[in-house]
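Inspection log for the structure reproduced underneath, given as structure tokens.
Each reported figure results from applying straightforward, stated rules to the coordinates on display, with no laboratory input. All values reported here derive from a predicted model rather than from experimental measurement. Here the Cβ positions follow ideal geometry from the backbone for every residue, glycine too, while neighbour counts run over all protein chains shown.
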Amino acid sequence: MRSNLLRITFLLFACAPLSWAAGTDSADTHEYRLSNGLKLIVREDHRAPTVAHMVWYRAGSMDEVNGKTGVAHVLEHMMFKGTNKVKTGEFSRLVAAVGGRENAFTSRDYTAYFQQVEKSKLDTVIQLEADRMSNLNFDDAEFLKEIQVVMEERRLRTEDNPSSLLNEAFMATAYMSSPYRHPVVGWMNDLQNMKAADARDWYRSWYAPNNATVVISGDVDPKQVLKTVEKYYGAVDAHELPVRKPQIEPPQKGIKQIQVKAPADNAQLTMGWKVPKLEPGKLDDVEPYALELLTGVLDGYDNARLNRTLVKQEKVVNDVGVGYDMISRGPELFLISTTMAKGKTVAQAQVSIRKALAELKQKGILESELKRIKVRILSDQIYKRDSIFGQAMEIGSTEMAGFSWKDIDYMLQKMQTITPEQVQSVAKKYLIDEGLTIAILDPQARQSTANKESK
């Protein structure tokens with residue numbers, strides 16, 4: 001687990017061959033707004049005859065209501081179940097038939113769908129995606145089959161995974177009112193009681209051009225892309241969106257702690273502090289950038305502070321990760337997660353973490369440490385922009401958080417101005433017990449196959 005900026009960088013780093021090609025500047029990026037409210041962003045990159053096409057809906061699990069958690073993710077599954085023109089299962093087959101790859105993903109903040117194809121096939125996928133923006137058509141039988149798939153996904157990825165169980169319990173404890181307290185996949189009871197009508201209502205509520213951003217990057221002519229997008233997406237009518245309630249998280253008044261018992265080999269520990277995020281229109285706020293860089297100081301490279309101390313020197317944990325999302329729609333946490341080494345306890349790990357943080361707060365950090373992290377962020381940005389898909393991901397995720405793609409370079413420049421004293425200051429101010437939530441995984445013996453079968 002690393003900072004959002006570094007995590008996205010590493011994800012995209014793996015998606016493309018690497019070269020020290022120059023990054024694309026704003027002159028290569030074009031933004032349009034259709035009459036129905038749809039935003040179109042086109043990033044030109046003519047280095048290869050390929051195109052990434054993504055549509056981002058600003059509707060994720062944070063927009064769900066109690067009793068219907070998981071519906072955003074369920075609807076993502078149902079989007080592949082056909083329209084009036086395309087039969088169930090045909091969408092993926094048609095994309096594969098033109099040599100493309102496609103998929104979708106749901107997060108707390110948004111749901112996104114993408115295809116990557118040879119440039120001459122772009123019109124085909126635009127037509128397919130625009131069709132299911134307004135013409136999705138699935139019957140109850142298809143829903144009943146797919147909801148079973150989603151429940152099995154939850155069993156495999158969460159209920160049979162001790163780390164996921166710990167994280168789920170941690171989020172539900174850390175947040176009182178924010179919808180971030182609910183898992184993206186949904187609570188099992190809500191999935192068991194979900195109806196096809198719930199998914200249809202979600203679709204009718206949020207899937208509209210005035211709640212969507214289309215991002216297209218690659219070897220394209222922006223004017224021609226605009227014509228195609230207007231032809232297909234422009235034919236979809238806008239509609240009024242539901243009112244979004246703010247659901248502001250109340251201030252935390254002291255340490256929260258939870259213990260989770262689950263079959264596992266080792267104990268685990270997650271510590272999370274309430275911290276600020278970067279707000280749209282306030283790009284000069286220092287603290288979010290300082291927190292972003294603090295993640296790098298603690299966990300930005302192999303010999304960063306926590307890994308060096310806890311894993312290599314004291315050998316109290318097998319691994320340690322630090323996480324923080326500088327931009328998002330909801331409230332944010334600064335996270336430190338560890339898995340205990342054999343024979344070591346959670347109490348020992350907590351002591352080591354607190355000692356390392358206390359040293360940083362008291363003595364600060366070296367200019368050389370900070371410079372190393374800044375150089376890494378810049379070099380990773382160059383790698384990231386060498387990926388057609390990576391460029392579309394960066395633009396879309398930034399837009400969904402309420403920022404503009406035009407803000408990205410400014411954020412990176414601002415990051416370079418942060419001082420060691422500012423990083424030390426946010427550690428002192430926010431990594432305190434008043435805003436701390438602790439989750440502990442108490443490992444239980446795993447049941448043998450023979451014992452399971454005998455029951």
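Summary of values
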item	result
Highest average packing first - 265-274, 44-53, 281-290, Cβ atoms within 10 Å	265-274, 44-53, 281-290
Cα-centre dipole for the stretch 22-235 with unit charges at Cβ (Lys and Arg positive, Asp and Glu negative), debye to 20	300
Mean Cβ neighbour count within 10 Å, used as a protection proxy, ranking 395-402, 94-101 highest first	395-402, 94-101
Folded to 0 to 90 degrees: helix 196-206 orientation relative to the chain principal axis, Cα	90
Under 23 Å between alpha carbons - lysine pairs in the stretch 22-235 that sit 8 or more apart or on different chains	27
Nearest-ten-degree value, helix 388-400 long axis tilted from longest Cα axis of the chain	80
Relative contact order (%) - criterion: Cα under 8 Å, at least six apart; region: the stretch 256-450	41
Furthest towards positive pole of dipole, G402, A358, I327, structure part the stretch 256-450, Cβ charges	A358
Using alpha-carbon coordinates, inclination of helix 4-13 to the longest axis of the chain, degrees	60
Volume per residue that the Cα convex hull of the stretch 256-450 spans, once the total is divided by residue count, Å³	151
Qualifying lysines (Cα of each under 27 Å from Cα of K342; at least 8 residues distant if same chain)	K256, K261, K312, K315, K355, K452
The chain shape via C-alpha gyration tensor axes, a/c threshold 1.5	oblate
At most 11 other Cβ within 10 Å, DSSP loop - trypsin sites (Lys or Arg not before Pro), the stretch 325-414	K342
Dipole magnitude of the chain, debye to nearest 20 (Cβ charges: Lys/Arg +1, Asp/Glu -1, about Cα centre)	1040
Viscosity 1.567 mPa s, 4 °C: Kirkwood-radius Stokes-Einstein D of the stretch 348-411 over Cα pairs, µm²/s	88
Those aspartates and glutamates that a straight Cα-Cα span of less than 15 Å connects to K363, excepting residues fewer than 8 apart in one chain	E421
Sequence of I408, I373, I147 once ranked by neighbouring C-beta atoms within 10 Å, starting from the fewest	I408, I147, I373
Dipole axis of the stretch 22-235 (+1 Lys, Arg; -1 Asp, Glu on Cβ), positive-most option in V184, V125, F170	V125
Quotient of C-alpha Rg and 2.2 N^0.38 Å, computed over the stretch 202-317	1.74
